[in-house]
1. Do we have B:Gln222 as at pLDDT below 90, away from every other protein chain (no Cβ under 11 Å) and either surrounded by fewer than 19 Cβ atoms within 10 Å (Cβ to Cβ) or assigned to a helix (DSSP H, G or I) (or both) here?
2. Would you check which residues across the stretch B:267-324 are at pLDDT below 85, at negative phi and not in a helix (DSSP H, G or I) and list them?
3. Among the residues of the stretch C:62-80, are any more than 19 Å from the chain's Cα centre (by Cα), of a type in the set (Ser, Thr, Tyr) and either away from chain B (no Cβ under 11 Å) or within 30 Å of B:Thr215 (Cα to Cα) (or both)?
4. Write out, first by first residue and then by second, each pair whose Cβ atoms fall under 7 Å of each other, whose residues are 6+ apart or on separate chains, and whose first residue, in the stretch C:245-256, is surrounded by fewer than 24 Cβ atoms within 10 Å (Cβ to Cβ) while the second is polar (S, T, N, Q).
5. Output the residue which, of all residues in the stretch A:77-95 that are part of a loop (DSSP other than H, G, I, E, B) and more than 9 Å from chain B (Cβ to nearest Cβ), is farthest from C:Val126 (Cα to Cα).
6. Given the conditions (1) farther than 15 Å from A:Phe39 by Cα; (2) at pLDDT 90 or above; (3) outside any loop (DSSP other than H, G, I, E, B), which single one is not true for A:Gly310?
7. Does any residue in the stretch C:51-80 that is over 17 Å from C:His248 (Cα atoms) and touching a residue at least 12 places away in the same chain (Cβ under 8 Å) come within less than 7 Å, Cβ to Cβ, of a residue that is among the hydroxyl-bearing types (Ser, Thr, Tyr) and assigned to a loop (DSSP other than H, G, I, E, B) six or more places away or on a different chain, and which pairs are these?
8. Restricting attention to the stretch B:245-271, and to residues there that are more than 12 Å from chain A (Cβ to nearest Cβ) and surrounded by fewer than 24 Cβ atoms within 10 Å (Cβ to Cβ), which single residue is farthest from B:Val152 (Cα to Cα)?
Amino acid sequence: MLWITLFASAACVASAAETINAAGATFPAPIYQKWFEDFHKAHPDTQINYQAIGSGGGIRQLVEGTVDFGASDMPMTDDQLSKVTRYKVLHFPTVLGGIVPTYNVPGAASIKFSGDTLAGIYLGNIKKWNDAALKKDNPGLNLPNEDITVVHRSDGSGTSFVFSDYLSKVSPEWKTKVGVNASVNWPVGLGGKGNEGVAGLVKQTPNSIGYVELIYAVQNKMDYGAIKNAAGNFVKADFNTVSEAAAGAAKEMPADFRVSINNAPGKNAYPISTFTWLLIPDKIGDAAKKKSITDFLQWMMTTGQGDAQGLSYAPLPKQVVAKEQKQIALIK
Amino acid sequence: MGTAVVTAPQQTRSRKLVKLLRDGDQIAHLVTFLFAASVFLVTVFLVYELWIHSGPSRTKFGFSFLTGKTWDPVAEQFGALPFIYGTVLTSIIALLISVPLGVGAAIFLSELAPPKVSNACTFLVELLAAVPSVIFGLLAIFTLVPIMRRYVEPFLKHTLGFLPQFQGPAYGVGYLSAGLILSIMTFPFIISISREALLSVPREQREAALALGATKWESTWQVVVPYARLGILGSIFLALARALGETMAVTMVIGNDTGIHTSLLSPGYTIAAIIANEFTEATGDVHLSALVELGLVLFALTMVLNAAAQLLIVATTGKGSKQP
Amino acid sequence: MDRIARRNAVNNVMLTVTGLCTIVTVSVLFLILGYLIVNGWRSVDWNFFTKLPLASGETGGGMANAIVGSGVVILIASAIGIPVGFMGGVYLAEFGGKTVPMIVRYTADLLNGVPSIVIGIFAWTVVVVPMHHFSAWAGGFALSLMMIPIGLRATEQFLRGVPNSLREGSLALGASKTRTIISVIVPAAKQGILTGMILGVARVAGETAPLLFTSLNNQYWAKSLNEPTAALPSMIYYRAISPYEDWHRQAWAAGLVLLVLVLVANIASRWVLSRGTSAQRG
């Protein structure tokens, strides 16, 4: 035990450098990494180290107090919030994104999915690419007589949360059999770690399907499908359709920003869309750290939003930004 | 280490020095003892921490944790069976390949090869044991998995598809691929320790058999191998313990599916792999403690196997544990 | 076919089979090395050693921070693991009675067999959570636990190998036991002990699983030991499972560098040992 004491006492020497550690969602990781890099260039004394370990990880590590702030694409539940007693957790929406069904089917570039079909595939009821349900949505498309390899997330993921939440909204069977969570008991398929892992598996596995944030499909030049929205139209995720999904929520944003925009109404609203949040403590003891984090939030809501479209995310609606800027004042 | 009792009436300078040095011996004894004891204490502490942190899961599920088949974070129902099954199955596949291969090579290296060649080959095989697990994983993802998916698994389905073990889609990842990677990671242990056990068989045994007219193979298979069987068995146990606890390479090719499947081609999960994937990200407390309890189960499994392996190896080679 | 001929045929076939087993098993190492060289050597360039990793999806960058990070974590592990292993080994070989060394030896073997992922859990609960940081300390602590048993058993084994005549000679000349150990016994066994320590370092250098929840990762330079730190093995893991071609390229390069380092350490330890034994004999 001698050396444990020795080692612990050495470890207690605090560091003077201004580094902020954050961890969480992989969904917004590409834009966060760009933001933190650009912010570091503009403010050389602040460095934000962001590790994309999954939304579940972001929440868990924030609750454990092993990171300065977390990031998640599912809002924390009341139960999770009640476990944090030292401070209150504030949700700051950062950007909007769409979750797309991405697939690796040779010869079929653009497949359409209705919510029910997607649920059927992930429940394991639809096993072949040339299943009648898929053929019905895709008349004229030559779908192969091959087994569907289903790919899902293996880690606690906000992307999974939003995806399973959407499937629950469109499929009663999914709702009763599987349910909604960051990690669920998947009926079929392979697990990949992070959005990267799912994209990697789909890319390497012929006749597979997975779900990832739009940017991962775009960056890797992977095919992704259109989904039937609440208005009955097949829409593909892009800047406009995701923004339209957020339009309703932007008007009636709850005070704590915890809101779901899945299966939103609107003629061209993309049905699997979500805000993604930074989870920030309302008490930050270290004054320098507090200043860096609030500076970053201001920067993110103004300059930072300009990066969104280039990386296939949708920027925050104006009303939401105005509301969030008021919330910054709550950080003490 | 008796205490130096100085009874002499006159204490000269040199005697004082001797006493000081004797005391020095005691200080050295104490200091080294503390270091040695810390090894014991830290191991006990490890078990204690695993026990404490698995508390919520142990109280909630009791022994049904070991037999539960669902792993459902939504309903907070956690059962370890799919992972125990996956861990044991992949290890068995690994041993089915690595035992014949390893024992075969060990026989060649101990009985047939000239000592120089034998030593060189053993050295190379032992180097293989030093290759980091993540590198096996890297190679598996980009070389083994595509080969399995494109050629091996369709072939197996075509020829042995009537067996439930070889049905279902060819994913490339899954129990079989994980088992294959584990076989490569375990045979260095088998070769190196079995060879040593075979080499420690007295030469008279071989000579007697040969003198009775046995061929080289007969003397090896019927006399030498049975003589060294405990050591060989020990090497297999050690390989098994390594296969059970192996994390990275398996995590990268197992497919991460929480079901229990008969087909060797289907994706599954092992204990180590689910801990690696879910540990930092389990949001519920029961979920986290269930993962720690899985760690405890894995610890117990490897502990028993290691102890058995040590006993067997000591029994045949008469030496302490030897890692390649 | 008569009986003798059949027996001879079986003999020849089986002996050939064992030879084939040997060829297969020995060639695996060359296959691995070859694959890594073919896929990785072009990417092991100046950038790889000097640049930081870039944001996901961007092409270029290197692994400078991971290489240094691995070094730091291994240094911490060695700073804890080598003294504990060495001193503990001295106790087992020179001071211990019967019961205590037996218990320590058994627990060391037990610790040696603990799966690396379980060590990771332990380090997370006792270092990361109380310190409120993923850190190089936590990673180093986890790796030190894997190093200790190797160093301990190597030290004990080689100290025991020192002939008793050396011990008795020194004691007879009036040297104390401590003095004897420091100036006679340890020097006589130093090659062996050094070998054990190098093997210990080589073993932990490639470990990934204990680092996943302890040192985590960092896309920048870690400014202190209290911060999350990138390491080469975990970088290979994250790069390998990603979808980006450029990251795969870097994973191969990192794999090649790591493998070469580990193999060199192992070969070096063998070389040290062979020199040691020949010196002892001569």
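The values are calculated or read from the model by the stated rules, or taken from the named source; none is laboratory data. As the structure is a prediction and not an experimental result, all values here were calculated from the model. FYI the Cβ positions are ideal-geometry reconstructions off the backbone, even for glycines, and counts take in every protein chain you see.
1. On the way: at pLDDT below 90: no; away from every other protein chain (no Cβ under 11 Å): yes; either surrounded by fewer than 19 Cβ atoms within 10 Å (Cβ to Cβ) or assigned to a helix (DSSP H, G or I) (or both): yes.
Judged against the criteria, B:Gln222 is not a match.
2. B:Ala282, B:Thr283, B:Gly284, B:Lys319, B:Gly320, B:Ser321, B:Lys322, B:Gln323, B:Pro324
3. Restricting attention to the stretch C:62-80, the residues satisfying the condition of being more than 19 Å from the chain's Cα centre (by Cα) are C:62-65.
Then keep just the ones that are of a type in the set (Ser, Thr, Tyr); that gives none.
No, because not a single residue in the stretch C:62-80 is more than 19 Å from the chain's Cα centre (by Cα), of a type in the set (Ser, Thr, Tyr) and either away from chain B (no Cβ under 11 Å) or within 30 Å of B:Thr215 (Cα to Cα) (or both).
4. From the stretch C:245-256, the pairs are C:Asp246/C:Thr59; C:Arg249/C:Ser43.
5. To start, the set of residues in the stretch A:77-95 that are part of a loop (DSSP other than H, G, I, E, B) comprises A:77, A:84-88.
Applying the additional criterion that residues be more than 9 Å from chain B (Cβ to nearest Cβ) yields A:84-88.
Values: A:Val84: 20, A:Thr85: 22, A:Arg86: 21, A:Tyr87: 24, A:Lys88: 26 Å.
The qualifying residue farthest from C:Val126 (Cα to Cα) is A:Lys88.
6. (2)
7. C:Asn65/C:Tyr220; C:Gly69/C:Thr229; C:Val72/C:Thr229; C:Val73/C:Ser215; C:Val73/C:Thr229
8. Residue satisfying both the conditions and the ranking: B:Ile260.
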